[in-house]
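Each reported figure results from applying straightforward, stated rules to the coordinates on display, with no laboratory input. These numbers were taken from a predicted model, which means no experiment stands behind them. With ideal geometry, Cβ positions are generated from the backbone for all residues, glycine too; neighbour counts draw on all protein chains shown.
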Amino acid sequence: MSFLIKDARNFVGQEVEIHGWVFNKRSSGSVIFLQLRDGSGFIQAVVSKNEVSPEVFATAQETRDESTVVVAGHLKEEPRSPFSFEIQTRNLKIVSLAQTDFPISAKEHGVDFLLGQRHLWLRFPRQWAILRIRDQIASSINQFLHREGYTRLDSPILTPSACEGTTTLFPVPYLPAWPDVTDQSVPSWLNLDQAKPYAYLSQSGQLYLEAGIASLGKVYDFGPTFRAEKSKTKRHLTEFWMMDAEAAFLEYEGLLDFEEKMVLAVIQDVLAACPAEFKTLERDPAPLAQIKSPFPKLTYEETLKKLRELGSDIKDGEDLGNDDETRLMNYFHQPLFVMKFPATFKAFYFKRDEQRPELTLSSDLLAPEGYGEIIGGGQREDDYDTLLKRMKEAGLNTQDYEWYLDLRRYGASPHSGFGLGLERMVAWICKLEHIREAIPFPRTIYRFTP
Ligand code: 4AD
Ligand code: MG
């Protein structure tokens, strides 16, 4: 049976073998301390000169940080160790001796340097903890949605038109470089002579999920989405993962209840599954543990009032900026629904409030501890004529959306849905300073390597 560090508690007093990496080596003459990781956790192995063969001690002396090793020894509980357990080494083999010039050292590095070394930075305990929590959040969301009767429908990444406005669309050419337009083998519909893109990267799978509901009723997708964000903020990536969910016969109030239920389920799962990760991050789980139903709700108009009380100079009809969200969510200690934004700055697909048609049946869910928007969603316009009118008002080329209009021609239903930004959720749960640590390889306006 192979041993994993995370299961150490069950192996106290036994001989174990670790296949992993040295992430820190210290020595004091006759004792060498090797801090090891195996992917599941972290532990210290002690190599004592008078308890191992001279060959094993020499191997321990030879090994260095980031070498790959197999360590065998006796596992014991060690309350004084930050890892709680320790291995008294009997045998040690080097699988791969790391070079001496590992770029990341114990000294403080700037974030830009670390991002350039992201492929190596990922190994550090803090990044390990974030990656594990990210995985837990994604897996909890999948499980929750399946329990609730949702089917995953994978929406396309290459899309012909915008879901969330044209200003952040990423165009994709068909070929790595524009070929010779006189080349007869290139089909004319590619419009190469006009340098027209073949497609755009998806900003959200929502429109495709709306097609899915007439087949499957309740659907979701979970995948990468792209936005050519022009500004550099702590909350925006150009590539991020979104979970969109959409359900037929779900109306506005039911949608908010469902979002709340999902967020509560995810938080409960993560708190139960990731205590070691929270400890590694030094993230106090108490503010998460006290989150409970019902989440507070404010209309957009009430939100403006609250913001002004809190010192913001936001004007009527303005969208909430990053600073407004931060201000608001340093005040609220529970996630907050902001409801019914004005149609002026919301997408064409939102259904309007019957009493106040200038308002949309939209809502954002804002996370506490200053984090702000993690979910955007709402009820969709399901009437053909109204939707067509809205598209024209929004200046869209309705020909591009004929297929979407079909969904109102054939089998329209009242329906609602939402999109959750995975990295926003991870940043909040892990209490990260910046969203770039919430994704393995962040892409922003200034960075798309490694
Ligand atoms: O609020 P958004 O733009 O909503 C939509 O795209 C809808 N079509 C979703 C739907 O109803 N199915 O984006 C949804 C979420 C935001 O709340 C935010 O969490 C995240 O996606 N998000 C970003 N995350 C990181 N970087 C960016 N540039 C983001 N833009 C949006
Ligand atoms: Mg939004």
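Counting only chymotrypsin sites (Phe, Trp or Tyr not before Pro) that DSSP places in a loop and that have at most 12 other Cβ atoms within 10 Å, the longest clean stretch of the chain runs over 1-248. Amide hydrogen proximity for PHE23: with H placed 1.01 Å from N in the peptide plane, the residues at 5 or more positions away or on another chain lying under 5 Å are GLN35, LEU36, ARG37, GLU66. Put simply, the chain fits an ellipsoid with semi-axes of 48, 27, 20 Å; these come from the alpha carbon gyration tensor as the roots of five times its eigenvalues, largest first.
Fewest-first ordering of LEU365, LEU307 by other beta carbons within 10 Å of each residue's beta carbon gives LEU307, LEU365.
Rounded if a/c is under 1.5, else prolate if a/b beats b/c, else oblate: with a ≥ b ≥ c from the C-alpha gyration tensor eigenvalues square-rooted, which is region 240-324? Oblate. Does region 302-450 classify as rounded, prolate or oblate by the C-alpha gyration tensor (a ≥ b ≥ c root eigenvalues; a/c under 1.5 gives rounded; else a/b over b/c gives prolate, otherwise oblate)? Judged from the Cα gyration tensor, region 302-450 comes out oblate (a/c at least 1.5, b/c at or above a/b). Applying 1/(1 + (r/R0)^6) with R0 = 25 Å to the Cβ-Cβ distance of TYR446 and THR167 gives a FRET efficiency near 0.85.
Among HIS434, HIS74, which comes first, then next, by fewest other beta-carbon atoms within 10 Å? Spell out each step's value before the answer.
On the way: HIS434 13, HIS74 17.
Ranking HIS434, HIS74 by Cβ neighbours within 10 Å, fewest first, gives HIS434, HIS74.
Between the helical axis of 125-147 and the longest alpha-carbon principal axis of the chain there is an angle of about 50 degrees. Could you compute the net charge surrounding ILE374? Neighbours are other residues with a C-beta less than 11 Å from the C-beta of ILE374; K and R count +1, D and E count -1. Here the charged neighbours net out to -3. A simple rule links phi to the HN-Hα coupling: the Karplus curve 6.51 cos²θ - 1.76 cosθ + 1.60 with θ = phi - 60°, which for region 395-402 gives x, 7, 7, 5, 4, 5, 10, 4 Hz, with x for Gly and Pro. With a cut-off of 11 Å between beta carbons, the residues surrounding SER84 carry a summed charge of +1, where Lys and Arg count +1 and Asp and Glu -1.
Ordered by the count of other Cβ atoms within 10 Å of each Cβ, fewest first, GLU210, GLU66, GLU282 give GLU282, GLU66, GLU210.
With 25 Å as the limit, the listed pairs LYS261/LYS392; LYS261/LYS431; LYS297/LYS351; LYS232/LYS279; LYS234/LYS346; LYS196/LYS232 have LYS261/LYS392; LYS232/LYS279; LYS196/LYS232 beyond it between alpha carbons.
If a/c stays under 1.5 just call it rounded; otherwise compare a/b with b/c (prolate if a/b is bigger, oblate if not). Do that for region 275-344, with a ≥ b ≥ c from the square roots of the Cα gyration tensor eigenvalues.
Numbers: a/c = 2.78, a/b = 2.13, b/c = 1.31.
Prolate shape, in that a/c is at least 1.5 and a/b is the bigger ratio.
Given that compact globular proteins tend to follow 2.2 N^0.38 Å, what is the ratio of the alpha-carbon Rg of region 5-96 to that value?
Normalised by 2.2 N^0.38 Å, the Cα Rg of region 5-96 equals 0.96.
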